[in-house]
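Accompanying notes for the structure given below.
The values are calculated or read from the model by the stated rules, or taken from the named source; none is laboratory data. No experiment lies behind these values; they were computed from the predicted model shown. Don't worry about glycine lacking a Cβ; one is built from the backbone with ideal geometry, like all the others, and counts go over all protein chains shown. The accessibility values were calculated without ligands, DNA or RNA, using every heavy atom of the protein model including side chains. Shrake-Rupley method; radii C 1.70, N 1.55, O 1.52, S 1.80 Å.
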Amino acid sequence: MNKYEAEFSNLVRSFRKRHMGKGPSKITTTFCKNWAICEMEGNLSPVEKFMATANDGKQLLRSARTEMVKDMYRKNHPVEMEELLGCNFLDLFVDIDIPNDFGMSIFIFSENLEEKFSNA
């Protein structure tokens, strides 16, 4: 990760901690075209891990950790990310593997981040 990718990871962690009460324990960000791709480990709280032991719990958690996270970014526009990158946040795709506690978020921005920060 370059310094901008590392700082973006820190912003994702703090944003999720502020709005969800817990951020991932490890985030790796890669800029690819106009995407910031975040691989995240250690997303689930102890209560969520307990809930994941039931099949219904897994579905509930997956829904919460995908749709609710996207909604959180819609309601709380990530201004800090835009300021760091100098471009506009457009959309977010989210998925999580509950049993492995591994998530992916792809943030889409208005400019080519890979080109903009390739020498950073």
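Below are the figures for this structure:
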{"read-out": "Where a residue in the range 71-87 is within 15 Å of A36 (Cβ to Cβ) and its partner, wherever it lies, is open to solvent by 10 Å² or more (accessible area, probe 1.4 Å) and part of a loop (DSSP other than H, G, I, E, B), with Cβ under 7 Å and at least six apart", "value": "E82/N88; C87/S110; C87/E111"}
{"read-out": "Near pairs, Cβ below 9 angstrom, 6+ apart or cross-chain, from the range 91-120 (farther than 24 Å from L60 by Cβ) to any residue that is of a type in the set (D, E) and buried (at least 18 other Cβ atoms within 10 Å of the Cβ)", "value": "L113/E5; F117/E5; A120/E5"}
{"read-out": "Enumeration of residues in the range 44-67 that are free of Cβ contacts under 8 Å to residues at least 24 places away in the same chain and open to solvent by 100 Å² or more (accessible area, probe 1.4 Å)", "value": "P46, F50, T53, N55, D56, Q59, L60"}
{"read-out": "Scope the range 23-43; condition surrounded by 15 or more Cβ atoms within 10 Å (Cβ to Cβ) and either modelled with pLDDT under 95 or of a type in the set (S, T, Y) (or both); matching residues", "value": "G23, P24, T29, T30, N43"}
{"read-out": "All positions within the range 102-118 that are assigned to a loop (DSSP other than H, G, I, E, B) and either open to solvent by less than 20 Å² (accessible area, probe 1.4 Å) or β-branched (V, I, T) (or both)", "value": "F117"}
{"read-out": "Residue list for the range 68-83, restricted to those being of a type in the set (F, W, Y) and open to solvent by 90 Å² or more (accessible area, probe 1.4 Å)", "value": "none"}
